[in-house]
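Below is one structure, written out as structure tokens; the observations come after it.
The values are calculated or read from the model by the stated rules, or taken from the named source; none is laboratory data. Nothing here was measured: the structure is a model prediction, and the numbers come from that model. In this analysis, Cβ positions are derived from the backbone assuming ideal geometry, glycine residues included, and neighbour counts consider all displayed protein chains.
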Amino acid sequence: MSRSQIVALDKQFVWRPYTDMDAYIAAGDPLVIDRAEGIFVYDKNGTRYLDGCSSWWTASLGHQHPRLVKALVEQATRLAHVAFAGVAHEEASALAEALIKVAPQGLTRAFFTDNGSTAIEVAIKMAIQMWRQLGHAEKHRFVTLDGAFHGETLGATSLGGVDVFRRPFGNVVFDCIVVPSPANGGYERAFQELARVLREDGDAIAGVFVEPLVQGAAGMRTYSPEYLRELRSMCTRHDVLLIADEVFTGYGRTGTMWACDQAGISPDLMCLGKTFASILPMGATLASDRVFSAFAGGRDRALLYGHTFCANPLGARVALEVLKIIDEERIVSRVADLAPLMATKIDAMASMKGVAATRSLGMIGAVDLVEEGAVSGDERESYLRTAGWKVTDEARKRGVYLRPLGSTVYLCPPLIIAERELEGLLGEFAAAIAAAVAVG
Ligand SMILES: Cc1ncc(COP(=O)(O)O)c(C=O)c1O
């Protein structure tokens, strides 16, 4: 098929995610990716783009990693799929063992799902059912942070604190207790509100959901490990589960295997996705012994829940290979080595015209743009702003594939990127920002 045929069919038949379809059909000009390798994706017209956002934060090990492709092909020739119902298989058993070995201490069981959102749904159900079976059915509410993003399904949307994603479903989603995020800089207020909520409503709360160290979709909003330590101790004190959503932060992105590691804490439940199987849709929810043991005592107390493709052998085999590569190619220490370069160059962008703020963490660098006409403080609407698109358009002209988060633009490159390539990427990023600001 020619490039133009692909786009024509896409415009005629496909309903695209996160897309204003009218505008797209009228004037959209997508990349048409034909192949990928390492840190690059290649358009059908031959143009090469550095994947500066790791394809929605999945390609941490780069595209077409030979070991992942080999594992996938080998597995596909032997066992591509079988129901995980009354069936065990080597791929799931070996993966679960490997996950528990590297997981924060105290997580002892892996429940497999097929993406990040469903890993969150599993955690929601585990928490509610656990408390019911421990004789505390009244503990069924969840605390979430302002600006949180935990996925697309209705349960995950209920936990979400990015208003534009939640608003269309406002009359359907379940009600959560929203506390201020420390990522807004107000640590004192964040601690106080969290303490107040747990003190006053702890008896009704099943768990607190948190994106550890960085709220990704809210605009790569970072905060200190201190908050996580305090959160852990408050959850323990009030007997509330701490549920860490490491779907984005897991697997080295922040400079440690898990973002929770930087605070030295273990959650009661931990949700995984994205880099988990990197090239295939798969996720998992890891649980502590305490959560798991609440489900003992008969079939009516079991977790009667499982997605059709859970523990898919292809995904499980690839996910195991991801863990091996991370270990053998020392991916996490590579991130730690490259983080200072990311931090220095991103910091330097703070003085650029049109830049309101910058921040970085591990292999994440973010820049908030000044948005003409935006009402300051109304961050809930940030996602709908347009300044970021001008930068990503300019980045595309410079051979870099990026996506904005409203008026925040960010880099989240594959973790295998070489120092020289990262330096080049940071240079193009700054040039794209300068060009976008100059155009206005
Ligand atoms: C922190 C976090 N949790 C959960 C999800 C949902 O993952 P998925 O898109 O695989 O359902 C995302 C997706 O971006 C995420 O960033």
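Some points to look at:
- Summed over the range 113-148, residues that are within 11 Å of the ligand (Cβ to nearest atom), in contact with a helix residue (DSSP H, G or I) (Cβ under 7 Å, 6 or more places away or on another chain) and assigned to a loop (DSSP other than H, G, I, E, B) total 1.
- For the range 259-304, a tally of residues being more than 22 Å from Arg317 (Cβ to Cβ) and assigned to a loop (DSSP other than H, G, I, E, B) returns 13.
- Yes/no for Ala284 being more than 18 Å from Gly147 (Cβ to Cβ), within 15 Å of the ligand (Cβ to nearest atom) and either free of Cβ contacts under 8 Å to residues at least 40 places away in the same chain or surrounded by 24 or more Cβ atoms within 10 Å (Cβ to Cβ) (or both): yes
- Flag for Leu61 being more than 30 Å from Ser288 (Cα to Cα), among the aliphatic types (A, V, I, L, M), away from the ligand (no atom under 16 Å from the Cβ) and in a loop (DSSP other than H, G, I, E, B): no
- Any hit, the range 297-308, residues being surrounded by 20 or more Cβ atoms within 10 Å (Cβ to Cβ) and among the hydrophobic types (A, V, I, L, M, F, W, C): no
- For Pro180, the criteria (1) within 15 Å of the ligand (Cβ to nearest atom); (2) touching a helix residue (DSSP H, G or I) at 6+ places or on another chain (Cβ under 9 Å); (3) not acidic (Asp, Glu) hold in every case but one, which is (1).
- Filter result for Asp337 (modelled with pLDDT of 95 or more and either surrounded by fewer than 18 Cβ atoms within 10 Å (Cβ to Cβ) or touching a helix residue (DSSP H, G or I) at 6+ places or on another chain (Cβ under 6 Å) (or both)): yes
- Total residues in the range 151-186 satisfying the condition of being touching a residue at least 60 places away in the same chain (Cβ under 8 Å) and at positive phi: the figure is 1.
- In a residue-by-residue description of the range 190-204, the property of being within 16 Å of the ligand (Cβ to nearest atom), in the same structural domain as Val291 (by TED's automatic domain parsing) and either crowded, with 18+ Cβ neighbours inside 10 Å or touching a residue at least 60 places away in the same chain (Cβ under 8 Å) (or both) applies to no position.
- Selection from the range 119-138 of residues that are surrounded by 21 or more Cβ atoms within 10 Å (Cβ to Cβ) and in contact with a His (Cβ under 6 Å, 6 or more places away or on another chain): Ile120
- Count - residues of the range 239-257 that are within 13 Å of the ligand (Cβ to nearest atom) and either over 14 Å from the mean Cα position of the chain (by Cα) or under 13 Å from Leu107 (Cα atoms) (or both): 2
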